[in-house]
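Peer 1: Dropping the structure in here first, questions after.
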Amino acid sequence: MYLASARQTPVDPSGKTSVGGKVPGTVFALGTVSLLTDVSSEMVTAFMPVYVLYVLQLGFVQFGLLDGLYSGATVLLRLVGGHLGDRLGRYKVVALAGYGLSAITKLLFPFAGASTAALGAMVSLDRAGKGLRTAPRDALISLATPSDTLGRAFGLHRAMDTFGAMLGPLVTFLILLQLGADPSIVFGVSFCFALLGVIVLMSFVSGPAPAAAVAPRPKISIRDGLNLLRGRRFRGATVAAAALGLTTISDAFVFVVLQRTADVKASLLPLLPLGTALAFLLAALPLGRVADKVGRWRMFALGHVALLGVYALLVTGGRGIGIVCAVLALHGLFYAATDGVLMAHGAELVPESLRASGLAILQTGQAAARLVSSVLFGVLLTFLEMRTAVLVAAVALVAAFGVAFVLTSRKKESDA
């Protein structure tokens with residue numbers, strides 16, 4: 001019912017719509033799409049550790065490779081999606097292609113069987129869809145939102161996205177509990193949620209407001225997007241985010257390490273993402289608002305302090321529900337302070353005509369770094385005890401803080 005009203009939200013002269021003068025209806029509609037899609041995606045995320053490590057009994061290196069692909073296979077397609085969105089001015093169409101590709105891939109997963117290569121191919125296709133849609137979707141959010149409320153808008157979108165991330169592991173857990181680890185059932189239900197997201201996108205999300213859509217569009221080239229890196233602030237933010245991403249242990253590995261070091265039953269592993277998602281859901285919008293006031297890059301840096309806290313607890317913490325809750329709470333705060341906040345920060349560093357391309361470059365550096373991080377951490381776990389491997393990551397994160405400080409402290413302008 002609300003989606004229907006949001007679809008009819010009036011357009012102001014600047015081309016930016018709003019609901020109650022605060023958050024545009026486009027953001028709510030895209031948030032609903034992301035909610036449904038994240039139920040689908042997080043069902044797979046929650047199922048993969050159980051499937052790969054316990055059902056197929058593959059090693060940490062293979063799991064690290066698959067997890068790295070899950071995080072980083074979006075690299076090139078993020079740039080393609082961003083470029084096509086800006087060049088064509090059809091952000092919704094490009095995003096729809098990405099959402100559709102990910103939905104179709106869910107039907108193909110069960111045919112991969114125990115083949116690491118086939119699983120890798122399916123993961124790559126699924127994440128390629130994410131890469132294609134992410135920058136155009138975020139461009140739609142930023143172009144529909146007044147600049148002084150970007151943090152709030154992205155925070156709300158990420159909160160709705162995260163609500164789906166909470167439901168996904170829960171659905172997977174219930175399927176495993178009632179029906180067992182049957183891949184065809186898990187991926188089939190995942191496809192249904194993804195398809196609903198595509199339907200909502202087609203039906204309730206509009207492209208840029210008419211005032212923006214009728215303006216003459218310059219011919220955008222790939223070089224125009226890459227030239228954004230000549231700007232000191234944008235280049236510094238991109239490289240700093242990549243450096244921090246290189247020291248970010250992936251979600252799946254955080255959950256696996258926590259499950260084993262805190263002595264959590266393997267059957268409860270799919271539920272651990274719920275704790276992270278709950279903290280993310282509760283904190284995303286408030287931290288987005290704070291970021292609008294105190295500076296988005298400062299909030300992004302504080303989020304990595306929370307990540308350092310996660311590492312510290314995994315290294316020094318003991319067993320039991322207390323340590324599990326503390327790790328998951330800090331993990332959720334890390335995402336609440338960084339995910340949408342980084343995009344809000346980046347949106348202010350690039351012109352509207354190159355909005356999707358700029359956000360894609362920022363996202364690509366981070367995604368590529370996290371792909372490498374997953375593979376390297378899988379190798380570390382093969383040769384080192386778990387807590388020692390996390391300690392190495394923590395030391396690397398501290399070093400990345402230093403790199404990020406040097407890259408971003410030279411600018412004189414406000415970073416909000």
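The values are calculated or read from the model by the stated rules, or taken from the named source; none is laboratory data. A quick note: this is a predicted structure, and the numbers were derived from the prediction, not measured. Virtual Cβ from ideal backbone geometry, glycine too; neighbours counted across all protein chains shown.
Peer 1: Restricted to the stretch 328-371, and to residues that are buried (at least 24 other Cβ atoms within 10 Å of the Cβ) and free of Cβ contacts under 8 Å to residues at least 40 places away in the same chain, which residue is nearest to residue 250 (Cα to Cα)?
Peer 2: So the residue we want is 334.
Peer 1: A further question follows. Mind checking which helices (runs of 4 or more DSSP H) fall wholly inside the stretch 222-294 and carry at least 2 residues that are among the aliphatic types (A, V, I, L, M), out of contact with any Cys (no Cβ under 9 Å at 6 or more places or on another chain) and buried (at least 18 other Cβ atoms within 10 Å of the Cβ)?
Peer 2: The qualifying helices (runs of 4 or more DSSP H) are 232-246, 251-261, 272-294.
Peer 1: For the stretch 141-158, which residues satisfy the criterion of being surrounded by fewer than 22 Cβ atoms within 10 Å (Cβ to Cβ) and either among the aromatic types (Phe, Trp, Tyr) or assigned to a helix (DSSP H, G or I) (or both)?
Peer 2: The answer is 143, 147, 148.
Peer 1: To continue, here is another question. Go through the stretch 270-325 and report how many residues are within 20 Å of the chain's Cα centre (by Cα) and polar (S, T, N, Q).
Peer 2: Count: 1.
Peer 1: Can you tell me how many residues in the stretch 379-392 are closer than 21 Å to residue 313 by Cβ and surrounded by fewer than 23 Cβ atoms within 10 Å (Cβ to Cβ)?
Peer 2: 9
Peer 1: Take residue 382 and tell me if it is more than 19 Å from residue 238 (Cα to Cα) and at pLDDT below 90.
Peer 2: Yes, satisfied.
Peer 1: Please work out if residue 303 is buried (at least 18 other Cβ atoms within 10 Å of the Cβ), over 27 Å from residue 84 (Cβ atoms) and small (Gly, Ala, Ser).
Peer 2: For residue 303, the condition - buried (at least 18 other Cβ atoms within 10 Å of the Cβ), over 27 Å from residue 84 (Cβ atoms) and small (Gly, Ala, Ser) - is met.
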